[in-house]
Amino acid sequence: MILLNSSEAISRFVDSHILLTHYHEVGLKGRNRAKFERQLKQNIQAALAGLEGISVSRISGRLLIEVEPHLTDDINSIAATVASLPGVVRVSQGVSVARDLDSINSAALAILEQSEPFSSFKVAARRANTDYPLDSMQLNQRVGAYLSHNLPLKTVRMADPDVKLHVEIIEGRAFVYAHTIKGIGGLPVGSSGAVVCLLSAGLDSPIAAWRMMRRGATVLGLHFSGRPQTSADSEHLVKQIAEVLKPIAGLTGLFVVPFGEYQRMIAAAVPASLRIIFYRRLMFAVANRLAAEQGARALVTGESLGQVASQTLENIQVIDAVAKFPVLRPLIGSDKQEIISEALQLGTYEISIQNHEDCCTLFMPRSPETRARLSIVDPIWNQLPIDDWLDVIMADIEQLDLP
């Protein structure tokens, strides 16, 4: 993205430097649209709360961010922050000017001149206010003719131009822009309720959490540490993952359960081949309690079908039998390469591939069961002091301060 300078020549006709925040899925919500727009506006304001001199308002199917002159040097980073928020499809950087043709032409020329190098351009004008004397086609022609006259070495190309210059007449103002960055789309965080995500330091569950945020959910992270049987390495890495997820504004809590001792007791009480099933069922039972306490409406895991022994359809069915909330698996149809690709894009890959001890490697059987049956698992489960364990776990659960 190219930053418009704020020289005296430009400041004579520019009212303000702006970012137009475009959304798509939010715009399809019909009578509920205003609710989603308000949520997205709140999320943008929260993400930019540390900056003085920014205002956010709604205009004609998008959100307008106006940036005061002292922040124009930071406008690229501001745009990148906004584009990283779920619900945002793209962010366009430009200027707001008066609706008179001279101001529009001057702004358009300044933006194109600072878009070098380019050989071809196109004007895409849109008139949202019918009281404006020129319709969209006439505005295209007038601005295009002015630019062609002042940029004689540049070519007007309607198909696939190097630069596409937008002019929009909206609510008594003209917005001129040519530089857009892509957002991540989806729905604004906070518009779809809360979920509890079983969050490890591995590759999968951070992506599952991110996908749920992209669908508008707020996420409570629940991490099972191998302590006291292992070090706290995984907890430190999960904190780093939380730092990556924080700008999205979707991670609202991070809880840690020292789980190693319960794994040891399970390993001593159940057949070796079923240990993993029992570990997972106890994790789900803890997640049930946390979800009920925190007002969450679903559990989330990073499981992918068939990836490991506990993720066969038979074992998933047996594990889910203890869940009291819907269990959402955003990665269930993804392969490992797809997950790695998303982890690289999100920025969690380098964290997750670090060597660390966690509960996943504790007391693992040589030959885990891949086709568990409820008729075998439930009788053993019912003999264990599960409720007593849960009471102690919930009393001892640790809530970490988010970075």
Cross-link reach from Lys324 to lysines, straight Cα distance under 30 Å and at least 8 residues apart if same chain, gives Lys29, Lys35, Lys239, Lys246, Lys336
At the level of C-alpha centres, the distance separating region 146-177 and region 381-403, in angstrom, is 61 Å
For the chain, the Cα convex hull volume per residue in Å³ comes to 157 Å³
With no solvent term and unit scatterers on the alpha-carbon positions of region 274-383, Debye gives log₁₀ I(q)/I(0) at q = 0.19 Å⁻¹ of -1.16
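Would you kindly calculate the translational diffusion coefficient of region 321-403, applying Stokes-Einstein with the Kirkwood radius from alpha carbon pairs, for 25 °C and a viscosity of 0.890 mPa s, and quote it in µm² s⁻¹ without decimals?
Calculated translational D: 141 µm²/s.
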Simple SL model, points at 7 angstrom along Cα→Cβ for Thr252 and Ile332; separation in nm is 2.4 nm
Residue-normalised 222 nm signal for the chain, counting each DSSP H run of n ≥ 4 as -39,500 (n - 2.57), nearest 500 deg cm²/dmol, is -11500 deg cm²/dmol
Given the candidates Leu313, Ile266, Leu237, the one whose Cα lies deepest towards the positive end of the charge dipole of the chain, counting +1 at each Lys or Arg C-beta and -1 at each Asp or Glu C-beta, is Leu313
Across 5 Å bins beginning at 0, the whole-percent shares of Cα-Cα pair distances in region 254-318 come to 3, 14, 24, 22, 21, 12, 3, 0
A correct fewest-to-most ranking of Trp389, Trp210, Trp381 by other Cβ atoms within 10 Å would be Trp389, Trp381, Trp210
In Å³ per residue, the alpha-carbon convex hull of region 55-138 encloses 144 Å³
Quick shape check on region 105-165: root eigenvalues a ≥ b ≥ c of the Cα gyration tensor, a/c under 1.5 is rounded, otherwise prolate if a/b tops b/c, else oblate, and it reads prolate
The size of the Cβ-based charge dipole (Lys, Arg +1; Asp, Glu -1) of region 211-263 about the Cα centre, to the nearest 20 debye, is 340 debye
Quick shape summary for region 35-93, equivalent ellipsoid via Cα gyration tensor, semi-axes whole Å in descending order, reads 18, 12, 11
Semi-axes a, b, c in Å (a largest) for region 227-276, each sqrt of 5 times a Cα gyration tensor eigenvalue, come to 30, 12, 8
So, with points 7 Å from each Cα along the Cβ direction, the Leu402-Asn129 label distance in nm works out to 3.9 nm
Normalised per residue, the volume inside the convex hull of the alpha-carbon atoms of region 8-182 in Å³ amounts to 123 Å³
The percentage of Cα-Cα pairs in region 194-400 separated by more than 29 Å is 17 percent
Expressed in nanometres to one decimal, the distance between label points 7 Å along Cα→Cβ at Val308 and Leu153 is 6.1 nm
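Bear in mind that the values in this text are calculations on the coordinates, not laboratory data. Quick caveat, the model's predicted, so the values are computed rather than measured. We place every Cβ from the backbone using ideal geometry, glycine too, and count neighbours over all the protein chains shown.
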